[in-house]
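Enquirer: Quick one: structure below, then a few questions.
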Amino acid sequence: MNTTQLVVTLVGFGVIVWIVWYFWLWEGEAVSAGTSAGGVQVVDVTVKGGYQPASIVVESGRPLRLNFTRREASLCGEEVVLPDFGRRAHLPENHTVAVEILPGAPGEYEFTCGMNMYKGKLIVR
Amino acid sequence: MRDNFVDPVCGMTVDPARAAGVSEREGVRYYFCSAGCKQKFDAAGPGGVFTQEGCCSTAHPEAPPVQLSAAPVQLTSLRRSPAAAATQPAHAQHGHEGHAHHAKTVGAEEAQAESYRTMMRKFWFASAVGVPLLLLMFAEFVPAWRHALMPFHRAVGLASAVLTLPVLAWSGRQFFESAWNGLRNHNTNMDTLVALGTGAAWAYSTVAAVAPQLFPAGTGGMYFEVAVIVVALILLGQALELKAKTRSSAALRKLLELQARTARVVRGGRELDVAVEEVVVGDTVLVRPGEKVPVDGTVLDGESALDESIVTGESVPVDKKRGDAVIGSSVNRTGAFTFRATRVGADTALARIVQMVEQAQSSKPPIGRLVDKVSSYFVPTVVIIAILTFLAWFDFGPQPAVNHAVVTMVAVLVIACPCALGLATPISLMVGVGKAAEHGVLIRNGEALESASKLRTVVLDKTGTLTKGRPELTDVLPFGGFDEGELLRLAAVADRRSEHPLAAAIVEGARARGVEVGEPEQFVAVPGHGVEAIVEGRRVAVGNWKLMAREKVSLSEFEERAAQLADEGKTPMFVAVGRQAAGIIGVADTLKEDSAEAVRALRSMGIDVVMITGDNERTARAIARQAGVERVLAEVLPEEKAREIERLQAEGRGLVGMVGDGINDAPALARADVGFAIGTGTDVAIEAADVTLVGGSLRGVVTAIEVSRATLANIRQNLFGAFVYNVLGIPVAAGALYPVLGLLLSPIIAGAAMAASSITVVTNANRLRFFEPRAGREVSS
């Protein structure tokens, strides 16, 4: 194996490691929910190629309102599902849709798009 | 969408750039079509009510004056801009939400229709470029033509590169954008594969066209057509999906259109016609015969019979007197009355049904998108395999190593493009849905079809679904010396002038039995009781218990037989002649001819059948017995039907289907995993449902389930085939056969293999065309 091959191979494996890390292992920065005057936890989530923020820290036992706004024409993010809470909402483009739930036992709860490709999670503490 | 506004005075649409005037009130800007409108608006001050007519019409220079009301009028809801719609709180509860809601629904629909048109334009553009290229590619397979084209090969390639770039840049833009957005968010999706596949195909082909000397012999092919056709097909699929969704939201608009548009209210001793949105709680509303009740309320004065079928689904008019509740959108049949408005806007029974349908539709799970469930692991895995392929060829392959490496990498990306996988489901669906349509079963989409194949419970609405939905004469029981013919003739003649459906059933039944129905000498309809008439010089009364009590007719002889009729689910109509009991006529909503057979077929397919009805337990049981249904949910209020469906779903015995025909069934139809609407039912029920049974027969439910089961089996075969193709195709594309057979898969062959797999899938799907549902065979035998 000559030097060029070695370099190319290393770069190739580097890219593979990067793909594994970037798409599978990466965890976004967790964002804590703000609290409204009525004591409801509120988080604005933008849907554009994924969820921003994708990790949300919320308090257990206090109602949570997730304001989803879909900012893309792609139909992928058209629906958001919170399987553990049995909730599903249709997100029209550029409209804000509020999903209200009551976080229960502490733990991590996933929310995804209708096809399970966009993923986000609620970290209940 | 253009940011147009509605003139709050006349209701005309105004382009802000051309507005004749602007006023600002409470932070909201209003635009006017004319100076006159602005003047009126400013003069009215806060709380002004505008009748929205006539201001701009020269025919009515003296337009109705601006009326002032104590109620706050929601002028902001007249702004119909998308921004205004978006800022409406999701669950705002105030009296005029119905109106704002309407605007919001319409706005969203327009936006969807616009995206559909854009997608179709992009599709046609991609096709216009792609199809000629595809034909050219086919031409290359004919040796003689290939030879003739040879000198132009490179020129054609360069021209193709230039022609296809705008297709990718415009038609395919959304895939690249979405892939990029996903990348920034650590996500991959279907668009990533499409972008990678088409992008790689284009880039590779362009390099091959510009610098063919870089490629090993036989691999320097171009496949611009692959890039463009893939974009076109995926766009077409998405556009069709969008269209199906637009149709479903039209149901909501229809429901809202059922409302009365105006109401006649009494304010300050004057009768005024106002828009229904302007009726407030506490208003006194006047309703004349034939008009719709505008909002919910309580009768203040007058008596009448109201057709509430719009909300309750029951066709028999309900008698109303002082103190009774009336439902908005029901139709006033006989008398005039006034009522006090108790619920308006978003609080009315009809508005609540709209909300329920909307909720149920948005909470419906998207099952059946098997292919779309390709998890987030698929795409990165394919890319990793492509990189490994590149490295393997680069490090260990024969010379020229770089070229081999590039060719195999692109072949992997192209072959992994999930086209066969993508085709597997829709093509079977298309055939299956077509097959169902041949048998009078219209299936709205793939989701409905897949869900129908998994149904374990089917809930049947009673009135209009299991039964014919209108009363028919069933029994004639004479007493005291009268014979059947005479009793029927006297009752039919007495009832002849009545408009009540029960009376009509008696008249029709008598005629069907060959009775000559003449004219009564005198006739009086007693609302809520029945009729009194003079027939052939005799006093004849036909009606319910109350009428008999009023006529002072002894009821003792009636009791036993009446109870028996009621047990059989029939309504007893008593007949008295000259204040003497003459007999009972039984009227009932009877089973459709094939209902029992359909129930039997469903049960033989392992499906639990449940009947749901607002009727009393006794009537319900009687009908259920005749139909062969064991489980009965009786006395269910219209708004409870959807909740009963949820309860059945919560029992965890698989998917639940609902069959119904009325508007009151619409929420339950939308809530059920599969809603079946009887085609002879209301438009709204049909729109809310996933499946429409054109013939009106319950046998369609059996057909729908049979066809869906067959189609699903076919889809599974197709998916299995496509999956095998991918599992085998990727290693071959990566060059796994090269060391053994010296075989290298050119991306063109990868494209051809893709076409072959598609043909296999299409052929398998076509086998469905020979499928015959059992219900269909029973019809013909």
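The values are calculated or read from the model by the stated rules, or taken from the named source; none is laboratory data. Because the structure is a prediction, the values reported are computed rather than measured. Neighbour counts are summed over all protein chains in view; Cβ atoms, including those assigned to glycine, are modelled from backbone coordinates with ideal geometry.
Enquirer: Name the residues in region B:573-626 that are within 30 Å of B:ASP495 (Cβ to Cβ) and among the basic types (Lys, Arg), would you?
Expert: Those that are within 30 Å of B:ASP495 (Cβ to Cβ) and among the basic types (Lys, Arg): B:ARG579, B:LYS592, B:ARG618, B:ARG621, B:ARG625.
Enquirer: If you scan region B:144-196, which residues turn out to be away from chain A (no Cβ under 14 Å), among the aliphatic types (A, V, I, L, M) and under 19 Å from B:THR118 (Cβ atoms)? Give the derivation first.
Expert: Kept after step one, since they are away from chain A (no Cβ under 14 Å), are these residues of region B:144-196: B:144-169.
Okay, now just the ones that are also among the aliphatic types (A, V, I, L, M), so B:144, B:148-150, B:155-156, B:158-159, B:161-163, B:165, B:167-169.
Residues satisfying the conditions are B:VAL167, B:LEU168, B:ALA169.
Yes or no, residue by residue, for (1) in the same structural domain as B:MET548 (by TED's automatic domain parsing); (2) touching a strand residue (DSSP E or B) at 6+ places or on another chain (Cβ under 7 Å); (3) closer than 21 Å to B:GLU644 by Cα; (4) not small (Gly, Ala, Ser):
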| position | (1), (2), (3), (4) |
| --- | --- |
| B:THR571 | yes, yes, no, yes |
| B:PHE574 | yes, yes, no, yes |
| B:GLN580 | yes, no, no, yes |
| B:ILE585 | yes, yes, no, yes |
| B:ARG603 | no, yes, yes, yes |
| B:ILE607 | no, yes, yes, yes |
| B:ILE612 | no, yes, yes, yes |
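Enquirer: Separate question: Looking at region B:653-672, which of its residues are in contact with a strand residue (DSSP E or B) (Cβ under 7 Å, 6 or more places away or on another chain), at pLDDT 85 or above and either crowded, with 24+ Cβ neighbours inside 10 Å or in the same structural domain as B:GLU308 (by TED's automatic domain parsing) (or both)?
Expert: Result: B:VAL656, B:GLY657, B:MET658, B:VAL659, B:GLY660, B:ALA668, B:LEU669, B:ALA672.
Enquirer: Could you list all residues from region B:498-508 that are in a helix (DSSP H, G or I) and either over 18 Å from B:LYS468 (Cα atoms) or touching a residue at least 60 places away in the same chain (Cβ under 8 Å) (or both)?
Expert: Hits for region B:498-508 are B:PRO501, B:LEU502, B:ALA505, B:ILE506.
Enquirer: List the number of the failed condition for B:GLU499; all other conditions in (1) farther than 27 Å from B:ARG621 by Cα; (2) more than 36 Å from the chain's Cα centre (by Cα) hold.
Expert: (2)
Enquirer: Going by what's in this entry, would B:GLY695 be described as at pLDDT below 85 and under 20 Å from the mean Cα position of the chain (by Cα)?
Expert: So B:GLY695 passes the test.
Enquirer: Could I ask something else about it? Tally up the residues in region B:234-275 that are at pLDDT below 85 and in contact with a Ser or Thr (Cβ under 7 Å, 6 or more places away or on another chain), please.
Expert: 8
Enquirer: Let me ask something else about it. Do you know which of the residues in region A:52-82 that are of a type in the set (Gly, Ala, Ser) and closer than 27 Å to B:ALA239 by Cα is nearest to the chain's Cα centre (by Cα)?
Expert: First, pick out the residues of region A:52-82 that are of a type in the set (Gly, Ala, Ser): A:54-55, A:60-61, A:73-74, A:77.
The next check asks that each one be closer than 27 Å to B:ALA239 by Cα; those that pass are A:73-74, A:77.
On the way: A:ALA73: 18, A:SER74: 17, A:GLY77: 11 Å.
The qualifying residue nearest to the chain's Cα centre (by Cα) is A:GLY77.
Enquirer: Quickly run through region A:1-14 and pick out the residues that are part of a helix (DSSP H, G or I) and more than 7 Å from chain B (Cβ to nearest Cβ).
Expert: Hits for region A:1-14 are A:THR3, A:THR4, A:LEU6, A:VAL7, A:LEU10, A:VAL11, A:PHE13, A:GLY14.
Enquirer: Output the residue which, of all residues in region B:102-142 that are at pLDDT 75 or above and polar (S, T, N, Q), is nearest to B:ALA346 (Cα to Cα).
Expert: Only one residue fits best here, namely B:SER115.
Enquirer: Shifting gears a bit: Take residues that are under 22 Å from B:PHE176 (Cβ atoms) and more than 9 Å from chain B (Cβ to nearest Cβ) and tell me which of the strands (runs of 3 or more DSSP E) falling wholly in region A:15-125 contain 1 or more.
Expert: Details: elements: A:30-32, A:41-47, A:55-58, A:64-70, A:79-82, A:87-90, A:96-101, A:107-113, A:119-124.
It comes to A:41-47, A:64-70.
Enquirer: Taking B:ILE534, is it surrounded by fewer than 22 Cβ atoms within 10 Å (Cβ to Cβ), among the β-branched types (Val, Ile, Thr) and part of a strand (DSSP E or B)?
Expert: Spelling it out, B:ILE534 is indeed surrounded by fewer than 22 Cβ atoms within 10 Å (Cβ to Cβ), among the β-branched types (Val, Ile, Thr) and part of a strand (DSSP E or B).
Enquirer: Would you be able to say whether some residue in region B:449-471 is in contact with a Phe, Trp or Tyr (Cβ under 7 Å, 6 or more places away or on another chain), outside the structural domain of B:THR571 (by TED's automatic domain parsing) and basic (Lys, Arg)?
Expert: As a first pass, look at region B:449-471 and keep what is in contact with a Phe, Trp or Tyr (Cβ under 7 Å, 6 or more places away or on another chain): none.
No, region B:449-471 has no match at all.
Enquirer: Kindly provide the set of residues from region B:365-380 that are modelled with pLDDT of 60 or more and either in contact with a Gly (Cβ under 6 Å, 6 or more places away or on another chain) or at the interface with another protein chain (Cβ under 9 Å from one of its Cβ atoms) (or both), ordered by number.
Expert: B:SER376, B:TYR377, B:VAL379, B:PRO380
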